[in-house]
1. Here's a check for you: in the stretch 110-150, which residue that is away from ligand 2 (no atom under 16 Å from the Cβ) and assigned to a helix (DSSP H, G or I) is farthest from LEU221 (Cα to Cα)?
2. Can you find a residue that is polar (S, T, N, Q), at pLDDT 95 or above, within 26 Å of ALA191 (Cα to Cα) and not assigned by TED's automatic domain parsing to the domain that holds THR122 anywhere in the stretch 218-225?
3. Counting only residues that are open to solvent by less than 40 Å² (accessible area, probe 1.4 Å) and within 18 Å of GLY317 (Cβ to Cβ), how many does the stretch 110-120 have?
4. Which residues, counting only those in the stretch 280-296, are open to solvent by 50 Å² or more (accessible area, probe 1.4 Å) and at negative phi?
5. Out of the stretch 39-56, which residues are open to solvent by 30 Å² or more (accessible area, probe 1.4 Å) and of a type outside the set (S, T, N, Q)?
6. What are the residues in the stretch 102-147 that are aromatic (Phe, Trp, Tyr) and within 20 Å of GLU252 (Cβ to Cβ), if any?
7. With the condition kept exactly as written, say whether any residue in the stretch 259-269 is over 23 Å from ASP229 (Cα atoms), in contact with a helix residue (DSSP H, G or I) (Cβ under 9 Å, 6 or more places away or on another chain) and either modelled with pLDDT under 95 or open to solvent by 50 Å² or more (accessible area, probe 1.4 Å) (or both).
8. Taking the condition of being of a type in the set (D, E, K, R), open to solvent by 20 Å² or more (accessible area, probe 1.4 Å) and not in a helix (DSSP H, G or I), how many residues in the stretch 66-109 meet it?
Amino acid sequence: MTKYKIATLPGDGIGPEVMTTAVSILEVLAESRGDIAFEFTELPVGDELKARTGIAMPQGTVEAIRESDAALFAAVGETAKEVILPLRQELELYANVRPTKVYPNVPSLKEGVDIVMVRENTEGLYKMVGHRGPDWGVNLRIITRQASERIARFAFEYAVRNGRSKVTSVHKNNVLDLTCGVFLEACRGVAESYPGIGYQEMIVDACAMKLILSPEQFDVLVTTNMFGDILSDEAAAIVGGLGMAPSGNIGEKNGIFEPVHGSAPDIAGKGIANPIAMILSASMMLEWLGETELSKTIETAVIEVLEEAETLTPDLGGSATTEQVAAAIEKKI
Ligand code: IPM
Ligand code: MN
């Protein structure tokens with residue numbers, strides 16, 4: 001019997017609603033297999049916790065995640081800077097992996113899109129180093145060779161492992177040459193040791209346009225923190241919106257898997273949030289844990305439910321609830 005300790009951080013808004021579905025699907029999966037078990041530990045974080053206790057992320061949260069095999073994070077509201085950003089940096093979850101692909105019956109801008117964004121997750125503008133004066137502000141953009149090489153290597157290794165053929169590194173070296181210069185030098189150096197994988201570079205604004213006009217030309221994208229943040233929402237829009245976009249925050253030892261969407265206060269409590277981004281994040285978690293077959297089982301179940309197109313949440317043009325979608329996916333497992 002393989003047993004995995006999974007930390008869950010449901011957070012705020014629709015977070016707890018979608019987290020419940022992911023936990024329940026993992027439990028159904030474990031039951032149907034018999035040789036695998038999950039032990040869940042819920043870790044409270046976020047706005048609501050802060051309102052009650054004055055603190056958005058209790059001491060011990062980082063340690064609890066460090067000691068678990070993997071973590072699932074749903075969403076927090078205003079306290080993201082106090083919760084998910086410190087988690088990414090303190091646990092050195094340096095790779096933010098965001099697959100973007102077209103699933104059946106999901107309203108998308110183009111067919112055949114299958115992009116993986118590999119976003120540097122620990123530095124750049126997200127270091128939050130700077131100054132604030134009464135009428136001015138400075139945010140320093142910190143880019144190091146070490147972190148750039150590490151993320152470039154991750155992107156190329158990902159490409160090799162997943163049978164992908166091209167890595168595009170996205171930058172703004174025509175303006176931000178001090179920082180993007182370091183990033184590009186690192187990418188070029190790493191690219192040389194992967195002769196079997198194509199390598200190209202693209203300026204971020206051009207990339208933003210080409211993602212809309214011809215997204216099928218992209219394979220793996222690697223970029224710095226803020227560019228990756230912006231481009232990954234754009235890429236999600238191409239394939240049906242944030243309700244379909246999973247992600248993984250991955251380091252050498254730990255991984256936190258989270259939907260790209262936020263806490264969506266406008267629909268919180270209504271039971272209509274699309275749980276698929278969270279469920280696909282759980283599938284990514286299993287893949288990272290080495291449980292490739294179980295990971296595929298979840299993704300296949302999601303695809304079957306999408307193909308039938310009978311149980312879809314309103315963002316996908318249906319009228320089903322979060323729970324109904326989760327139940328339909330569980331039935332396929
Ligand atoms: C994301 C989010 C976060 C980010 C916010 C909530 C801090 O937008 O995961 O993309 O900017 O990274
Ligand atoms: Mn974002």
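The values are calculated or read from the model by the stated rules, or taken from the named source; none is laboratory data. Computed from a predicted structure; not experimentally measured. So basically every Cβ, Gly included, is an ideal-geometry build from the backbone, and we count neighbours across all protein chains shown. Accessible surface is based on the protein model in full, side chains and every heavy atom, while ligands, DNA and RNA are left aside. Shrake-Rupley method; radii C 1.70, N 1.55, O 1.52, S 1.80 Å.
1. LYS127
2. No, the stretch 218-225 has no match at all.
3. 0
4. GLU287, TRP288, THR292, GLU293, LYS296
5. Of the stretch 39-56, the ones open to solvent by 30 Å² or more (accessible area, probe 1.4 Å) are 39-42, 44, 47-48, 50-55.
GLU39, PHE40, GLU42, PRO44, ASP47, GLU48, LYS50, ALA51, ARG52, GLY54, ILE55 - these are the residues of the stretch 39-56 that are open to solvent by 30 Å² or more (accessible area, probe 1.4 Å) and of a type outside the set (S, T, N, Q).
6. If the condition is that a residue be aromatic (Phe, Trp, Tyr) and within 20 Å of GLU252 (Cβ to Cβ), then TYR126 is the only one that fits.
7. yes
8. Result for the stretch 66-109: 3.
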